[in-house]
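Report on the following structure.
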Amino acid sequence: MAESGATLLARLAAVVGPGHVLTASADIEPYLIDWRGRYRGATPAVVKPGSTDEVAEVVRACAELRVPIVPQGGNTGMCGGATPHADGREIVLALSRMNRVRGVDTANATITAEAGVTLHAVQQAATDAGLYFPLSLASEGSCTIGGNLSTNAGGTAVLRFGNTRDLALGLEVVMADGQVWNGLRGLRKDNTGYDLKQLFIGAEGTLGIVTAAVLKLFPAPTARVTGLAGVTDVAQAVALLGMMKHTLGDRLTGFELISDFALALSRKHHPDLPDPLPGQPWCVLLQADATGEASTLHAQVEDALAQAVERGAARDAVVAQSQDQADRLWALRENISEAQRREGPNVKHDISLPVSAISDFLARSEAALTRALPGVRFVVFGHLGDGNLHYNLSAPLGVEAYSFMNNAPAANRIVHDLVAAAGGSISAEHGIGQLKRDELARYKSALELDLMRRVKAALDPAGLLNPGKVL
């Protein structure tokens, strides 16, 4: 190792303790590959600070020696944003030790949590205080609040509560020079100039390293009802969404679209899961929450779905009669990504569109992709309520999955061009990372890209924070 490298490791060990600077191959291996197995990098060390002051000292040391940093939370990202590059120049800053809930303010309905706290732990802390944190993802047991903020994670409750951006009131951020910005204000009104926290949410650690956040909490629902409806096509699903929103109002928390192939794939790899509505071309999984009598909400959801079937907005429907049934219905949806991973590589798209444009987009994209890639299989699911689709492509039967991935550039061009033409976005909730960096340059205007580069240059002039990601 070069003398400067040895000097840096010694300085880092003095800051965080020798046991929290990992250099052995076996120790650093889990930090070098992304969850999907698409990217593998290298690093001289994984550094695990235990406090904001330690993060600041680590960043200062790296800044002085011009060593780039890749922040990493739960390493559950989909776009390689937390994976170092293969040149081995970057250290990985793992924030898992920063796992403290600093406080819950029940009167203000806020929670202050460090970046390494898992999403599930935040949910549990809120529950323990008699409140509710609504962000919910399939990876909530391992993803962290810092990662959720850095990618502006969405999940299943965006329809009612918004993305992570909408749930954050204040941040604590270590800047590229090691200064600490303390913006941990739990205010819902603060009109004192630029809303600086918004720069760091969704920036994937390229502008600063989020070390803690103040997050909104809500009254805990006392009633929760889950239903599954079968529909003929996506146009019918959109009509059903309109009916449910009109009938249930803001009690409608989630509205998930699942294709028959996606559902079959989930059950193939999790055969213990139910098949409550066999033979449906598409299914909608919906959830309603309320503070009130559970029996009242249950009756309202059952009645709303019965009316939808009568009026032709659904083919059939079932409502979970217990929490166990509800959990098993949700498992059908939440296990799709894991099922895909077991099937092998597939071309993934995390896109958003106006809800009104989704049906036409799907028709156009299926026709274009079938022409270009005969036999391609479509794994379509996502958050129809907020227009976010996971539009994934599996290899045709008999075609090896890894070789099929050679078609990814052509497939991306077809899908993303159609998304752009419909006024949509090529990234809804997974971020840009290294996967979509070049695609971003194609679909952002020259002015937008220039403004983003100016912000990056102002906050990280040496380009040491997660280089090669986003921009």
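Condition check ((1) closer than 30 Å to Thr52 by Cα; (2) of a type in the set (Asp, Glu); (3) surrounded by 20 or more Cβ atoms within 10 Å (Cβ to Cβ)) across all residues:
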{"residue": "Val210", "(1), (2), (3)": "yes, no, yes"}
{"residue": "Leu217", "(1), (2), (3)": "yes, no, yes"}
{"residue": "Gly227", "(1), (2), (3)": "no, no, yes"}
{"residue": "Thr232", "(1), (2), (3)": "no, no, no"}
{"residue": "Ala237", "(1), (2), (3)": "no, no, yes"}
{"residue": "Leu240", "(1), (2), (3)": "no, no, yes"}
{"residue": "Met243", "(1), (2), (3)": "no, no, no"}
{"residue": "Asp250", "(1), (2), (3)": "no, yes, no"}
{"residue": "Leu257", "(1), (2), (3)": "no, no, yes"}
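Conditions (1) of a type outside the set (Val, Ile, Thr); (2) under 24 Å from the mean Cα position of the chain (by Cα); (3) in a loop (DSSP other than H, G, I, E, B), marked per residue:
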site: Leu8; (1), (2), (3): yes, no, no
site: Ala13; (1), (2), (3): yes, no, no
site: Gly19; (1), (2), (3): yes, no, no
site: Pro30; (1), (2), (3): yes, yes, no
site: Pro44; (1), (2), (3): yes, no, yes
site: Cys62; (1), (2), (3): yes, no, no
site: Thr76; (1), (2), (3): no, yes, yes
site: Thr83; (1), (2), (3): no, yes, yes
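Going through Arg311, Arg342, Arg315 one at a time, which residue ends up being surrounded by fewer than 21 Cβ atoms within 10 Å (Cβ to Cβ) and farther than 21 Å from Ala237 by Cα? Don't jump to the end; show me each part of the working.
Details: Arg311 fails: farther than 21 Å from Ala237 by Cα; Arg315 fails: farther than 21 Å from Ala237 by Cα.
Of the residues listed, the single one that is surrounded by fewer than 21 Cβ atoms within 10 Å (Cβ to Cβ) and farther than 21 Å from Ala237 by Cα is Arg342.
For the stretch 407-431, give me each residue that is outside any helix (DSSP H, G or I) and either charged (D, E, K, R) or not assigned by TED's automatic domain parsing to the domain that holds Arg371 (or both).
Kept after step one, since they are outside any helix (DSSP H, G or I), are these residues of the stretch 407-431: 422-431.
Within the stretch 407-431, Glu429 is the sole residue that qualifies.
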Per the filter on the stretch 381-406, residues touching a strand residue (DSSP E or B) at 6+ places or on another chain (Cβ under 8 Å), outside any helix (DSSP H, G or I) and not hydrophobic (A, V, I, L, M, F, W, C) are Gly382, His383, Gly387, Asn388, His390, Tyr391, Asn392, Ser394, Pro396
Do we have any residue at all in the stretch 433-441 that's of a type outside the set (D, E, K, R), assigned to a helix (DSSP H, G or I), under 22 Å from Asn152 (Cα atoms) and free of Cβ contacts under 8 Å to residues at least 12 places away in the same chain?
-> yes
Answer with yes or no whether Glu334 is over 21 Å from Ala229 (Cβ atoms) and charged (D, E, K, R).
-> no
Looking at the stretch 375-394, which of the residues that are among the small types (Gly, Ala, Ser) and closer than 18 Å to His416 by Cα is surrounded by the fewest Cβ atoms within 10 Å (Cβ to Cβ)?
-> Gly387
Enumerate the helices (runs of 4 or more DSSP H) found wholly within the stretch 127-207, keeping only those where 1 or more residues are at pLDDT below 95.
-> 158-161
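To keep it simple, each residue is scored yes or no on (1) touching a residue at least 12 places away in the same chain (Cβ under 8 Å); (2) assigned by TED's automatic domain parsing to the domain that holds Gly178; (3) of a type in the set (A, V, I, L, M, F, W, C).
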position	(1), (2), (3)
Trp35	yes, no, yes
Tyr39	yes, no, no
Arg66	yes, no, no
Gly77	yes, no, no
Gly116	yes, yes, no
Ala129	yes, yes, yes
Leu135	yes, yes, yes
Within the stretch 416-425, restricting attention to residues that are surrounded by fewer than 20 Cβ atoms within 10 Å (Cβ to Cβ) and over 24 Å from Ala82 (Cα atoms), which residue is farthest from the chain's Cα centre (by Cα)?
-> Ala421
In the list Leu277, Leu240, Leu305, Leu285, which residue meets the criterion of being at pLDDT 95 or above, part of a strand (DSSP E or B) and not hydroxyl-bearing (Ser, Thr, Tyr)?
-> Leu285
Quick one: count up the residues across the stretch 426-461 that are surrounded by fewer than 16 Cβ atoms within 10 Å (Cβ to Cβ) and in contact with a helix residue (DSSP H, G or I) (Cβ under 7 Å, 6 or more places away or on another chain).
-> 3
Hey, among Val104, Val59, which residue is surrounded by fewer than 24 Cβ atoms within 10 Å (Cβ to Cβ) and hydrophobic (A, V, I, L, M, F, W, C)?
-> Val104
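The values are calculated or read from the model by the stated rules, or taken from the named source; none is laboratory data. In this text, all values refer to a predicted model and were calculated from it rather than measured experimentally. Cβ coordinates were reconstructed from backbone atoms using ideal geometry, including for glycine residues, and neighbour counts include every protein chain displayed.
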